[in-house]
There are 2 protein chains.
Amino acid sequence: MQPENAHQTRVLTSLRVNGPQTASELAAQLSLSRSKIGQELARLEQLELVDRAGQAESRGGRRSGLVQVARSLRFVGIDIGASSLDVGVAGGGMDIRAHVSEAIDITEGPEVILGRAVELVGKLRADGHLPRLDGIGIGVPGPVSFRDGFTVSPPIMPGWDRYPVREHFMHQFDCPVLVDNDVNAMAIGEMYCGLARSVRDFLFVKIGTGIGCGIIMGNRVLRGSNGSAGDIGHIAVHDTGPVCSCGRTGCLEAWFSGAALSRDATALARSGESPGLRELLADRGTLTARDVGAAMRAGDPQALGLVRDGGRRLGRVLASLVNFCNPAMIVVGGGVAELGHVLLAEVRGELYRRSTPLATSSLPIVLSELGGNAGIVGAAGIVSDHVLGVQPAS
Amino acid sequence: MQPENAHQTRVLTSLRVNGPQTASELAAQLSLSRSKIGQELARLEQLELVDRAGQAESRGGRRSGLVQVARSLRFVGIDIGASSLDVGVAGGGMDIRAHVSEAIDITEGPEVILGRAVELVGKLRADGHLPRLDGIGIGVPGPVSFRDGFTVSPPIMPGWDRYPVREHFMHQFDCPVLVDNDVNAMAIGEMYCGLARSVRDFLFVKIGTGIGCGIIMGNRVLRGSNGSAGDIGHIAVHDTGPVCSCGRTGCLEAWFSGAALSRDATALARSGESPGLRELLADRGTLTARDVGAAMRAGDPQALGLVRDGGRRLGRVLASLVNFCNPAMIVVGGGVAELGHVLLAEVRGELYRRSTPLATSSLPIVLSELGGNAGIVGAAGIVSDHVLGVQPAS
C-alpha cells in the first residue's frame, strides 16, 4: 500500500525524519487541523503504513498515543557486488530482520545473477520473513540511470548495459522496485544506520576492487546529471602511472584499489623485494588487499609502504573534494578499508595538509561500522523512502 | 508580508517552479480541494503575494484565470565584491527593475561598505523603485555562515570576521535579510536567469582576483557543512608552485586567477620577454587580466601562453570535479572570463581528456551571459525563495 495524497506523504516524512510523534504534534507541524490529521492517520493505519508506538508523556487529559512508521512494513534490500550477492529484509524502522548471502561472479550476466537474487527473496519469503512485501531496492556495482532502473555502460559488468533490472523484479514481485549504484546504496545505509547518522553532509568512500564514492548532501544522495556522480576512481592523481581499466594513466584506482594492491603485492613477491609477501603468494597462489594487511601487521616494510603510498594518493584526491564540497564526515568502507588505521592515518595526514583549515576544522575520517550490511540497509532505505513519499528536509 | 501556512508556501513554490497556473491546476497538483485552494489564493492575494496573470485557455465554461507570484513584489539584491558594490531591485518574476553600482575597497571594513550599501538602497527607494520592500539578499566575497548571516574567516576581508551583516540591514529595514557567499549568489542568478536555466545540476566557476565555485545540484545550492563548499581556488594542482595567499604552494588560484595573471604578466613585461606586455605596463603602471587579454588578441605569444597554461590548470581541477559530481553544465564567469574562447578551449581540452566519457558525454562549458548582473539577481533570488517559502523540488 502507498500513501494516497500529499498530506499522508508529509505525515510519513515527518515520522521518518523526526521519529514517533503524537497526532497533535503532527497537526501543529504540518499546519493541518486536528480533525484532518485524525482522518489521515486513520486512513494510514488502514493502509498499514503507520501504527501506534505507545503513549507520549501526558499533557493534561488529551489522548496522546505516539504514531510511528509501521513496524510491520517489509522492504527487501539487495546488494549485488562483483563477487557477492546479499539479500536482506528490513522493517519500517530500517532494522534488519533477516539476511542471506552467497558468492557470485557478476560477469555471468544479469539473467543468472538476478535469477539467483529472485531465488533468495523467495527463500526469505518461504522462511516466513516476508509476511508482506512493500518494496525492493537493489544496488549494482556500476553507473545506474536511477529514473530508468537500469545500468549504463558498467565497466565491470559485461552484458548488463541497459539491462532492465527493475522490470526483471517487477515481473516477479507485485511491489515498487528501485535500482541504484551500490556505493550510493551503502552511503544511504550509513546515513540511516551508520556513523553518519549524526550529520547531513558526508562522503562515503568505498575501496574494493575499484574505488567509488557516495555523496550525501542535505540528507540526499547526489547522483549527478546522468547518474555517474561519485566516480572518483578515475580522478587523475599524477600525469603518469599504471594504465587504468579505463585506458588512461594516472587514475586513482590504477594507483590504489583492491586490484592495484593485488598487482603491486604480486610484483613485490615475485621480485623477492618482500619476503613476507613472497611467502604468502607461494601459500595462496594470489595476493589480495587482505594479504597485504596481514604482511603489514607482521612487520613487512614493503607491504606497509604499499598501504602508505595508497593512503597518501587517496588523501590527495579527498583533499580536493573536501575543499569542493565541505562535508562534515568521511566514512571509509569496502574490503580494502580492513587495512584500517594505518591507511586512515595517511589519508588524514594528506587531507589535513592539503585542505583549507575551515573545511577540515571539524572533519572526522572514520571506518564504516556497518561493513557488509551498509548495502542492504541502504537499498531497503531507498525504496522505503520512495514508497512512503519521504523527502528529507534540507 | 509572508505566507501564513504550509499550504500557501506550497502554492507559491508551485508558482515559482512551474510558472503561472489556474486554481484548478494548483488544486490537482497539491491534493487540495478547489474550495480550499480558492480560500488560500484569496488570502495570498490579500497579502499581495500572488496576482492574476490573465486567462488560461478555456476548458469549457469554468473560470480559469491564471495566478502568478505577484509582479509587484520587490526584492533588493546586493552584490559586494572586493572592489565593486552593486545594488539592484528585482520584481516577483526575478526581473531587474533598477540597478546602481559603485567602486569600493572591501578592506575599508564592514561599517563603511555596508553604510554605502544602505545609502544606495535608500537612493533606489527615493527614486521610486521600492514602492514596497519584501526582502534583501546580500552576496559577500568570502565564506558565510548562511544560518547566522555573517562571514567566517574571510581571507580578503579584514575586519569582517563574524561581523553581523544581516543584523546591520535588519536594523535599517523592516524586512527579511539573508547573506550568502557572492559566488553562491551568482550561481543562483545563473539558475534563474542565465544559461543554466535549463539544467538542474551545474557548476558556476567565478574567476576574479581569486577563484571560487558555486555548486547547484537538484536546483539547490550546495553550501557544505560550514558554508565553505566551492572553495576550489585552494585545490592543489601541483606539488610545487607559487606561494598562495593561504600559505601553501600549488593551489589553483596561485597558478591561475586575476592576481596570478597580473603577477605573471608583470614579470614577463619587466624581464622583456613580452614586448607587448612591457608596452602596456609602461602605459598603465599595472597589468590586469584584461591587459593580458588585449596583448593576447594583439598576437603576443607570451600572453597567449599565460592564458593557455591557466586554462589547462583550471581544466585539470574541473576534470576531477566533473568525475565527482557529474554536472550537466559548467558556466564560467567573473572578470577573467573575458579572456573568452581561448581560455574555454584549453579548459575543454583538458576536461574532456581527463574526465570519464559518461560524465562528459553531454557537458557544455560556456561563458556567463549575465556577467555583472548574476550577483544581484541571485542575491534577490535567495531572499525571495526564503520569503515565499520556496523549496525547489529535487
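Key figures for this structure:
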| read-out | value |
| --- | --- |
| Members of segment A:286-328 that are crowded, with 23+ Cβ neighbours inside 10 Å, within 24 Å of A:R354 (Cβ to Cβ) and among the aliphatic types (A, V, I, L, M) | A:L306, A:V307, A:L314, A:V317, A:L318, A:A319, A:L321, A:V322 |
| The lone exception for A:G299 - which of (1) touching a helix residue (DSSP H, G or I) at 6+ places or on another chain (Cβ under 9 Å); (2) assigned to a helix (DSSP H, G or I) it fails | (2) |
| Of all residues in segment B:23-36 being surrounded by 20 or more Cβ atoms within 10 Å (Cβ to Cβ) and not small (G, A, S), the one that is nearest to the other protein chains (Cβ to nearest Cβ) | B:L32 |
| Segment A:274-291, residues that are of a type in the set (D, E) and under 14 Å from A:R263 (Cα atoms) | A:D291 |
| When residues of segment B:144-155 are limited to those that are of a type in the set (G, A, S) and assigned to a loop (DSSP other than H, G, I, E, B), the one farthest from the other protein chains (Cβ to nearest Cβ) | B:G149 |
| Positions within segment B:357-385 being part of a helix (DSSP H, G or I), of a type in the set (G, A, S) and surrounded by fewer than 19 Cβ atoms within 10 Å (Cβ to Cβ), in sequence order | B:G371, B:G372 |
| Where B:D283 falls short, out of the listed (1) within 20 Å of B:L252 (Cβ to Cβ); (2) surrounded by fewer than 20 Cβ atoms within 10 Å (Cβ to Cβ) | (1) |
| Flag for B:S245 being in contact (Cβ under 8 Å) with a residue 40 or more places away in the chain, facing chain A (nearest Cβ under 7 Å), small (G, A, S) and over 23 Å from B:I365 (Cβ atoms) | no |
| Residues satisfying the stated conditions in segment B:227-238, i.e. more than 17 Å from B:L318 (Cα to Cα) and either among the hydroxyl-bearing types (S, T, Y) or facing chain A (nearest Cβ under 7 Å) (or both) | B:S228 |
| Residue selected from segment B:30-51 under the condition part of a helix (DSSP H, G or I) and in contact with a strand residue (DSSP E or B) (Cβ under 8 Å, 6 or more places away or on another chain), by the criterion farthest from B:G65 (Cα to Cα) | B:L44 |
| Looking only at segment A:187-215, and only at residues there that are touching a Phe, Trp or Tyr at 6+ places or on another chain (Cβ under 7 Å) and over 22 Å from B:L318 (Cβ atoms), the one that is surrounded by the most Cβ atoms within 10 Å (Cβ to Cβ) | A:A187 |
| Evaluation of A:G218 against (1) buried (at least 24 other Cβ atoms within 10 Å of the Cβ); (2) within 18 Å of the chain's Cα centre (by Cα) (one fails), failing number | (1) |
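Here's the yes/no breakdown for (1) closer than 17 Å to A:G218 by Cα; (2) within 11 Å of another protein chain (Cβ to nearest Cβ); (3) at pLDDT 95 or above:
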site	(1), (2), (3)
B:S198	no, no, no
B:L203	no, yes, yes
B:S225	yes, yes, no
B:T240	no, no, no
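Residue-by-condition table, conditions (1) within 14 Å of another protein chain (Cβ to nearest Cβ); (2) basic (K, R); (3) part of a helix (DSSP H, G or I):
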residue: B:D86; (1), (2), (3): no, no, no
residue: B:V89; (1), (2), (3): no, no, no
residue: B:E102; (1), (2), (3): no, no, no
residue: B:L114; (1), (2), (3): no, no, yes
residue: B:R125; (1), (2), (3): no, yes, yes
residue: B:I138; (1), (2), (3): no, no, no
residue: B:M157; (1), (2), (3): yes, no, no
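Residues checked against (1) in contact (Cβ under 8 Å) with a residue 12 or more places away in the chain; (2) more than 14 Å from chain B (Cβ to nearest Cβ); (3) assigned to a strand (DSSP E or B); (4) touching a Cys at 6+ places or on another chain (Cβ under 7 Å):
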residue	(1), (2), (3), (4)
A:E279	no, yes, no, no
A:D283	no, yes, no, no
A:L287	yes, yes, no, no
A:L304	yes, yes, no, no
A:L314	yes, no, no, no
A:V317	yes, no, no, no
A:V336	yes, yes, no, no
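The rows are residues; the columns are (1) more than 15 Å from B:V383 (Cα to Cα); (2) without any contact (Cβ under 8 Å) to a residue 12 or more places away in the chain; (3) outside the structural domain of B:I80 (by TED's automatic domain parsing).
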position: B:Y163; (1), (2), (3): yes, no, no
position: B:R166; (1), (2), (3): no, no, no
position: B:M170; (1), (2), (3): no, yes, no
position: B:I188; (1), (2), (3): no, no, no
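The values are calculated or read from the model by the stated rules, or taken from the named source; none is laboratory data. Just so it is clear, the model here is predicted, and its values are computed rather than measured. Quick reminder, even Gly has a Cβ in these numbers, built from the backbone with ideal geometry, and neighbours come from all protein chains shown.
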